[in-house]
1. Would you check if residue 125 is within 19 Å of residue 165 (Cα to Cα) and either under 11 Å from the mean Cα position of the chain (by Cα) or surrounded by 22 or more Cβ atoms within 10 Å (Cβ to Cβ) (or both)?
2. Test residue 165 against the stated conditions and say whether it is closer than 17 Å to residue 97 by Cβ and touching a helix residue (DSSP H, G or I) at 6+ places or on another chain (Cβ under 7 Å).
3. Quick test for you: out of 145, 131, pick the one residue that is crowded, with 18+ Cβ neighbours inside 10 Å and either more than 18 Å from residue 208 (Cβ to Cβ) or under 20 Å from the mean Cα position of the chain (by Cα) (or both).
4. I need every pair where a residue in segment 107-118 that is buried (at least 16 other Cβ atoms within 10 Å of the Cβ) has its Cβ under 7 Å from the Cβ of a residue that is modelled with pLDDT under 95 and in a loop (DSSP other than H, G, I, E, B), sequence separation at least 6 or different chains.
5. Taking the condition in contact (Cβ under 8 Å) with a residue 12 or more places away in the chain, in a helix (DSSP H, G or I) and under 30 Å from residue 44 (Cα atoms), does residue 185 pass?
6. If residue 167 satisfies every condition in (1) surrounded by fewer than 17 Cβ atoms within 10 Å (Cβ to Cβ); (2) under 13 Å from the mean Cα position of the chain (by Cα) but one, which is the exception?
7. Among the residues of segment 42-82, which ones are buried (at least 17 other Cβ atoms within 10 Å of the Cβ), under 25 Å from residue 194 (Cα atoms) and in contact with a helix residue (DSSP H, G or I) (Cβ under 7 Å, 6 or more places away or on another chain)?
(Lines give C-alpha, C1' and ligand atoms only; values in the text may rest on other atoms or scores of the structure.)
Protein backbone atom coordinates (compact mmCIF):
# COMPACT_ATOMS: atom_id res chain seq x y z
CA UNK A 1 0.00 0.00 0.00
CA UNK A 2 1.01 3.64 -0.44
CA UNK A 3 1.31 5.72 2.71
CA UNK A 4 -0.95 8.73 3.22
CA UNK A 5 2.11 10.99 3.59
CA UNK A 6 3.22 10.05 0.08
CA UNK A 7 -0.10 11.09 -1.44
CA UNK A 8 -0.12 14.23 0.66
CA UNK A 9 3.30 15.19 -0.68
CA UNK A 10 2.06 14.79 -4.25
CA UNK A 11 -1.03 16.87 -3.46
CA UNK A 12 1.14 19.64 -2.03
CA UNK A 13 3.53 19.47 -4.97
CA UNK A 14 0.64 19.93 -7.40
CA UNK A 15 -0.20 23.20 -5.64
CA UNK A 16 3.43 24.30 -5.35
CA UNK A 17 5.17 23.04 -8.48
CA UNK A 18 8.31 25.14 -8.29
CA UNK A 19 11.94 24.60 -7.36
CA UNK A 20 11.86 26.80 -4.27
CA UNK A 21 9.05 24.84 -2.63
CA UNK A 22 10.54 21.49 -3.69
CA UNK A 23 13.93 22.40 -2.23
CA UNK A 24 12.36 23.41 1.07
CA UNK A 25 10.50 20.09 1.23
CA UNK A 26 13.27 17.81 -0.07
CA UNK A 27 13.14 15.60 3.02
CA UNK A 28 9.43 14.96 2.48
CA UNK A 29 10.12 14.09 -1.14
CA UNK A 30 12.83 11.60 -0.18
CA UNK A 31 10.52 9.96 2.33
CA UNK A 32 7.71 9.70 -0.24
CA UNK A 33 10.11 8.41 -2.91
CA UNK A 34 11.38 5.74 -0.53
CA UNK A 35 7.82 4.65 0.21
CA UNK A 36 7.09 4.42 -3.52
CA UNK A 37 10.25 2.39 -4.13
CA UNK A 38 9.19 -0.12 -1.48
CA UNK A 39 5.83 -0.50 -3.18
CA UNK A 40 7.41 -0.88 -6.62
CA UNK A 41 9.65 -3.66 -5.32
CA UNK A 42 6.73 -5.42 -3.64
CA UNK A 43 4.62 -5.18 -6.78
CA UNK A 44 7.50 -6.33 -8.99
CA UNK A 45 8.09 -9.43 -6.86
CA UNK A 46 4.39 -10.30 -6.99
CA UNK A 47 4.24 -9.74 -10.75
CA UNK A 48 7.25 -11.99 -11.38
CA UNK A 49 5.11 -14.92 -10.26
CA UNK A 50 2.80 -14.18 -13.18
CA UNK A 51 5.43 -13.03 -15.67
CA UNK A 52 8.81 -14.74 -15.03
CA UNK A 53 10.46 -12.71 -17.82
CA UNK A 54 10.73 -9.85 -15.32
CA UNK A 55 12.86 -11.77 -12.84
CA UNK A 56 16.13 -10.05 -12.06
CA UNK A 57 14.75 -6.53 -12.36
CA UNK A 58 15.07 -4.18 -9.39
CA UNK A 59 12.71 -1.40 -8.41
CA UNK A 60 15.22 1.34 -9.26
CA UNK A 61 15.48 0.05 -12.84
CA UNK A 62 11.73 0.53 -13.25
CA UNK A 63 11.05 3.90 -11.62
CA UNK A 64 10.76 7.13 -13.62
CA UNK A 65 12.32 10.33 -12.30
CA UNK A 66 10.02 13.02 -10.93
CA UNK A 67 11.90 15.73 -12.83
CA UNK A 68 10.26 16.85 -16.07
CA UNK A 69 12.10 17.57 -19.32
CA UNK A 70 10.72 21.02 -20.16
CA UNK A 71 12.98 21.83 -23.11
CA UNK A 72 10.34 21.19 -25.77
CA UNK A 73 7.20 21.69 -23.70
CA UNK A 74 4.97 24.72 -23.23
CA UNK A 75 4.40 23.50 -19.67
CA UNK A 76 7.49 24.65 -17.77
CA UNK A 77 6.56 23.24 -14.36
CA UNK A 78 9.69 21.36 -13.25
CA UNK A 79 8.15 18.30 -11.59
CA UNK A 80 5.66 15.57 -12.37
CA UNK A 81 2.81 15.39 -9.89
CA UNK A 82 2.73 11.60 -9.85
CA UNK A 83 5.14 8.73 -9.20
CA UNK A 84 5.42 6.20 -12.03
CA UNK A 85 7.15 2.96 -12.96
CA UNK A 86 7.26 0.46 -15.83
CA UNK A 87 7.99 -3.25 -15.77
CA UNK A 88 9.32 -4.70 -19.01
CA UNK A 89 12.11 -6.94 -20.19
CA UNK A 90 15.30 -4.89 -19.91
CA UNK A 91 13.83 -2.21 -17.63
CA UNK A 92 11.77 0.93 -18.04
CA UNK A 93 13.69 2.30 -21.05
CA UNK A 94 13.75 -0.89 -23.10
CA UNK A 95 10.79 0.16 -25.33
CA UNK A 96 9.46 -3.37 -25.00
CA UNK A 97 5.91 -4.54 -24.23
CA UNK A 98 5.25 -4.54 -20.51
CA UNK A 99 3.34 -3.00 -17.64
CA UNK A 100 3.05 0.61 -16.49
CA UNK A 101 1.47 2.41 -13.56
CA UNK A 102 1.45 5.76 -11.87
CA UNK A 103 0.33 6.84 -8.44
CA UNK A 104 -1.33 10.21 -8.03
CA UNK A 105 -3.83 11.80 -5.65
CA UNK A 106 -7.42 11.11 -6.62
CA UNK A 107 -7.00 8.47 -9.31
CA UNK A 108 -4.05 6.24 -10.18
CA UNK A 109 -3.55 4.22 -13.35
CA UNK A 110 -2.38 0.65 -14.02
CA UNK A 111 -2.11 -1.06 -17.41
CA UNK A 112 0.03 -2.80 -19.98
CA UNK A 113 0.98 -3.09 -23.63
CA UNK A 114 3.31 -0.88 -25.64
CA UNK A 115 3.13 2.89 -26.15
CA UNK A 116 4.24 4.46 -29.45
CA UNK A 117 6.75 1.76 -30.52
CA UNK A 118 9.57 2.60 -32.92
CA UNK A 119 8.75 2.21 -36.66
CA UNK A 120 10.42 -1.21 -37.03
CA UNK A 121 8.65 -2.54 -33.94
CA UNK A 122 5.33 -1.07 -35.08
CA UNK A 123 5.72 -2.77 -38.46
CA UNK A 124 6.27 -6.14 -36.76
CA UNK A 125 3.26 -5.68 -34.50
CA UNK A 126 1.02 -4.78 -37.43
CA UNK A 127 2.25 -7.83 -39.32
CA UNK A 128 1.52 -10.07 -36.33
CA UNK A 129 -2.00 -8.67 -36.04
CA UNK A 130 -2.57 -9.08 -39.77
CA UNK A 131 -1.37 -12.70 -39.71
CA UNK A 132 -3.06 -13.64 -36.44
CA UNK A 133 -6.17 -11.48 -36.22
CA UNK A 134 -8.20 -14.33 -34.73
CA UNK A 135 -5.80 -14.71 -31.79
CA UNK A 136 -5.66 -10.95 -31.31
CA UNK A 137 -9.44 -10.70 -31.38
CA UNK A 138 -9.79 -13.41 -28.74
CA UNK A 139 -7.58 -11.44 -26.38
CA UNK A 140 -9.59 -8.23 -26.79
CA UNK A 141 -12.98 -9.96 -26.63
CA UNK A 142 -12.27 -12.03 -23.51
CA UNK A 143 -14.88 -11.27 -20.88
CA UNK A 144 -12.40 -10.27 -18.17
CA UNK A 145 -10.50 -8.02 -20.58
CA UNK A 146 -13.58 -6.24 -21.94
CA UNK A 147 -15.08 -5.85 -18.48
CA UNK A 148 -11.97 -4.17 -17.12
CA UNK A 149 -10.67 -2.21 -20.10
CA UNK A 150 -13.36 -1.97 -22.77
CA UNK A 151 -12.37 -1.77 -26.45
CA UNK A 152 -8.78 -1.12 -27.50
CA UNK A 153 -8.47 2.53 -28.50
CA UNK A 154 -5.74 4.86 -29.75
CA UNK A 155 -6.29 8.60 -30.13
CA UNK A 156 -3.14 8.84 -32.27
CA UNK A 157 -4.34 6.23 -34.80
CA UNK A 158 -3.88 6.96 -38.49
CA UNK A 159 -6.85 8.21 -40.47
CA UNK A 160 -5.79 6.14 -43.50
CA UNK A 161 -4.42 2.58 -43.79
CA UNK A 162 -0.67 2.29 -43.22
CA UNK A 163 1.53 1.57 -46.22
CA UNK A 164 1.08 -1.97 -47.52
CA UNK A 165 -2.46 -2.50 -46.23
CA UNK A 166 -5.84 -2.09 -47.93
CA UNK A 167 -8.97 -0.49 -46.53
CA UNK A 168 -10.87 -3.79 -46.74
CA UNK A 169 -8.40 -5.64 -44.50
CA UNK A 170 -10.45 -7.17 -41.64
CA UNK A 171 -7.89 -5.88 -39.14
CA UNK A 172 -7.61 -2.40 -40.62
CA UNK A 173 -8.80 -0.48 -37.52
CA UNK A 174 -6.11 -2.17 -35.42
CA UNK A 175 -3.51 -1.76 -38.15
CA UNK A 176 -4.05 2.01 -38.12
CA UNK A 177 -3.08 2.17 -34.46
CA UNK A 178 0.29 3.46 -33.29
CA UNK A 179 -0.06 2.32 -29.67
CA UNK A 180 -1.44 -0.88 -28.18
CA UNK A 181 -2.13 -0.27 -24.52
CA UNK A 182 -4.96 -0.93 -22.07
CA UNK A 183 -5.34 0.29 -18.53
CA UNK A 184 -7.70 0.96 -15.66
CA UNK A 185 -7.96 3.59 -12.95
CA UNK A 186 -7.93 2.94 -9.21
CA UNK A 187 -9.33 5.42 -6.73
CA UNK A 188 -7.40 6.87 -3.82
CA UNK A 189 -9.26 4.70 -1.31
CA UNK A 190 -7.84 1.57 -2.96
CA UNK A 191 -4.38 3.12 -3.35
CA UNK A 192 -4.23 3.78 0.40
CA UNK A 193 -5.48 0.31 1.32
CA UNK A 194 -3.76 -3.09 1.71
CA UNK A 195 -5.76 -4.18 -1.38
CA UNK A 196 -3.57 -2.13 -3.72
CA UNK A 197 -1.06 -4.83 -4.67
CA UNK A 198 -3.81 -7.38 -5.21
CA UNK A 199 -5.85 -5.01 -7.39
CA UNK A 200 -2.78 -4.01 -9.40
CA UNK A 201 -1.80 -7.64 -10.03
CA UNK A 202 -5.35 -8.41 -11.16
CA UNK A 203 -5.10 -5.64 -13.76
CA UNK A 204 -1.66 -6.83 -14.89
CA UNK A 205 -2.84 -10.46 -15.15
CA UNK A 206 -5.81 -9.38 -17.27
CA UNK A 207 -3.63 -7.38 -19.67
CA UNK A 208 -0.86 -10.01 -19.82
CA UNK A 209 -2.29 -11.82 -22.91
CA UNK A 210 -1.96 -8.54 -24.82
CA UNK A 211 1.59 -8.08 -23.54
CA UNK A 212 2.43 -11.66 -24.57
CA UNK A 213 0.99 -11.16 -28.06
CA UNK A 214 3.00 -7.98 -28.59
CA UNK A 215 6.14 -9.63 -27.21
CA UNK A 216 5.72 -12.52 -29.63
CA UNK A 217 5.56 -10.02 -32.48
CA UNK A 218 8.91 -8.52 -31.54
CA UNK A 219 10.82 -11.71 -30.63
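The values are calculated or read from the model by the stated rules, or taken from the named source; none is laboratory data. Only a predicted model underlies this, so the values are computations on that prediction, with no experimental measurement involved. Here Cβ is always computed from backbone atoms with ideal geometry, including for glycine, and neighbour counts include all displayed protein chains.
1. In short, yes.
2. On the way: closer than 17 Å to residue 97 by Cβ: no; touching a helix residue (DSSP H, G or I) at 6+ places or on another chain (Cβ under 7 Å): yes.
No, not satisfied.
3. Values: 131 fails: crowded, with 18+ Cβ neighbours inside 10 Å.
From the options 145, 131, the qualifying one is 145.
4. Listed by first residue and then by second, the contacts come to 117/95.
5. no
6. Unmet for residue 167, out of (1) surrounded by fewer than 17 Cβ atoms within 10 Å (Cβ to Cβ); (2) under 13 Å from the mean Cα position of the chain (by Cα): (2).
7. Matches in segment 42-82: 43, 44, 47, 51, 54, 57, 59, 62, 63, 81, 82.
Let's see how each residue does on (1) more than 30 Å from residue 41 (Cβ to Cβ); (2) in contact with a strand residue (DSSP E or B) (Cβ under 7 Å, 6 or more places away or on another chain); (3) part of a helix (DSSP H, G or I):
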site	(1), (2), (3)
152	yes, yes, no
156	yes, no, no
164	yes, no, no
174	yes, no, yes
189	no, no, yes
193	no, no, no
202	no, no, yes
